[in-house]
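These notes are about the structure you will find just below.
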Amino acid sequence: MKSRTEYKLKSAPEDAVSAVKFGPNTNQFLLVSSWDGYVRLFDVTANNLRHKYAHEAAVLDCCFTDAIHSYSGGLDNILKSFDFNTTKENNVGSHSNAIKCVEFCSDVNAILTGSWDHHVKLWDPRAPVCSGSYNQGEKVYTMGVCGEKLVVGTAGRKILVWDIRNMSYTLQKRESNLKYQTRAIRCFPNKQGYVLSSIEGRVAVEYLDTNPEVQKKKYAFKCHRIKEDGLEKIYPVNAISFHPIHNTFATGGSDGYVNIWDGFNKKRLCQFHQYHTSVTSLSFSHNGSVLAIACSYFLEEDNPPNPLPEDVIYIRTVTDQETKPKYSS
C-alpha cells in the first residue's frame, strides 16, 4: 500500500527518466532529465510542472548551478544552460560524442561534463566557456564531485580521481573492486570517499585517503538481488544518493527497490516497498527530508513487457528513523 508519505509527480516525462536532482537549498524544486528530449523543472510542493526546455535528442543528465540556472547534456552532444527566471536557453558548447554526466562543483564554481568521447570538460558558468578538456582514456559513465575533487568512473572499470583546481595530472588511478561495469558513483558529503555501484548487484565503499590504514576500511557488499524458486536474480544498481546530513545513502536498483545504508557501520537501515519498475535515479533534498525516486523501464530484458511500464517520479518524505545511523551502545 502507498502511504501518505509518498506521491506521484504530475506531468511526468514521456520516456525513461535519466536523472532527478533537487536544487541547492530546497525541498521544493526538482530538475528532471529524460530520454524524451526534455529537461523539466518541477515544483514538488505544489506538484506542478514549472518549466521545460528541449534538446535535439535524449537528455542523459542535468544539474542546477544555483536556484535559477540549470545545465544539461545528452545524445545531441550539446551542453545547454537555461535561466528559469528569463526562460532564456543557451548552447554553451559541445563534446564530440554524447554527454553522459553533468555536475556542478560549487567549491570551485565550475560545471563538469563527462562524455562518451572519453573527455571531461570544465566550464565556467560566468562566461560560459570551456576552460579545459581532459582525456579519461575511456568512455565516461558516471562522475561524483567530492569537494574540490572529481571522481570519474569510465568503461573498463577504471576510476580516476582529479583535483578540479589543477587538472594537469590525475591524482589517483584505480580499478574498481567490482568485477562488472560501473553504473554510478556518488561522494560522501563529509568528502572522505565515495560509493560506487555496478550492473551486477554490488556496491563498494571506497576512501580517497591512500594511507594503508584508511584503505583497510574499504569494502563491498551484495544488494538488489532477489531469490525466486531457489535462484538468485541479480539486478543493476542504477542510482545512489547521499543523505546530506547523516552521511547515509540510498541505492536504487532494477529490482524496483530502494535501500538506505549506513556505509560506515555496514548496515542496511531500511528498504521501501517494491516499485513497479526499475529505479533509475534518486535525489535527496538539501536537508534530507525528501527523496525523489525516478522509476522507468531501462530495456534490461531481451523481451521487454508490452506496453512498457509508465515513467513515474515519486516524492517521498523520509524520516530520521529511516536515514539516521543507529549507533549500538
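Picking from residues in region 190-201 that are under 19 Å from Val152 (Cβ atoms) and open to solvent by 10 Å² or more (accessible area, probe 1.4 Å), the one that is nearest to the chain's Cα centre (by Cα) is Ile199. Against the list (1) within 18 Å of the chain's Cα centre (by Cα); (2) not aliphatic (A, V, I, L, M); (3) not in a strand (DSSP E or B), the condition Asp209 fails is (1). Taken as a whole, the structure places Phe22 among residues that are under 17 Å from Val279 (Cα atoms), within 18 Å of the chain's Cα centre (by Cα) and aromatic (Phe, Trp, Tyr).
Mind listing whichever residues of region 59-87 are out of contact with any Pro (no Cβ under 9 Å at 6 or more places or on another chain) and within 15 Å of Ala127 (Cα to Cα)? I'd like the intermediate steps shown before the answer.
Initially, region 59-87 is screened for residues out of contact with any Pro (no Cβ under 9 Å at 6 or more places or on another chain), giving 59-63, 68, 70, 72-78, 80, 82-87.
Answer for region 59-87, where residues must be out of contact with any Pro (no Cβ under 9 Å at 6 or more places or on another chain) and within 15 Å of Ala127 (Cα to Cα): Ser70, Lys80, Phe82, Asp83.
For region 10-66, residues that are touching a residue at least 60 places away in the same chain (Cβ under 8 Å), open to solvent by less than 10 Å² (accessible area, probe 1.4 Å) and among the β-branched types (Val, Ile, Thr) total 4. Looking at Leu160, Leu178, Leu196, which one is of a type in the set (A, V, I, L, M, F, W, C), in a strand (DSSP E or B) and more than 24 Å from Val318 (Cα to Cα)? When all the criteria are applied, what remains is Leu160.
I'm trying to understand the selection: among the residues of region 1-50, which are of a type in the set (Gly, Ala, Ser) and part of a strand (DSSP E or B)? Within region 1-50, Ser18, Ala19, Ser33, Ser34 qualify.
Please go through region 125-143 and pick out each residue that is closer than 15 Å to Cys63 by Cβ and surrounded by fewer than 23 Cβ atoms within 10 Å (Cβ to Cβ). Pro125, Pro128, Thr142 - these are the residues of region 125-143 that are closer than 15 Å to Cys63 by Cβ and surrounded by fewer than 23 Cβ atoms within 10 Å (Cβ to Cβ).
The residues on offer are Ile164, Ile99, Ile111, and the sole one that is more than 15 Å from Asp61 (Cα to Cα) and among the β-branched types (Val, Ile, Thr) is Ile164.
The values are calculated or read from the model by the stated rules, or taken from the named source; none is laboratory data. Small disclaimer: the values here were computed from a predicted structure and weren't measured. Don't worry about glycine lacking a Cβ; one is built from the backbone with ideal geometry, like all the others, and counts go over all protein chains shown. Just so you know, the surface numbers come from the protein's heavy atoms only, side chains and all, with ligands and any DNA or RNA stripped out. Shrake-Rupley method; radii C 1.70, N 1.55, O 1.52, S 1.80 Å.
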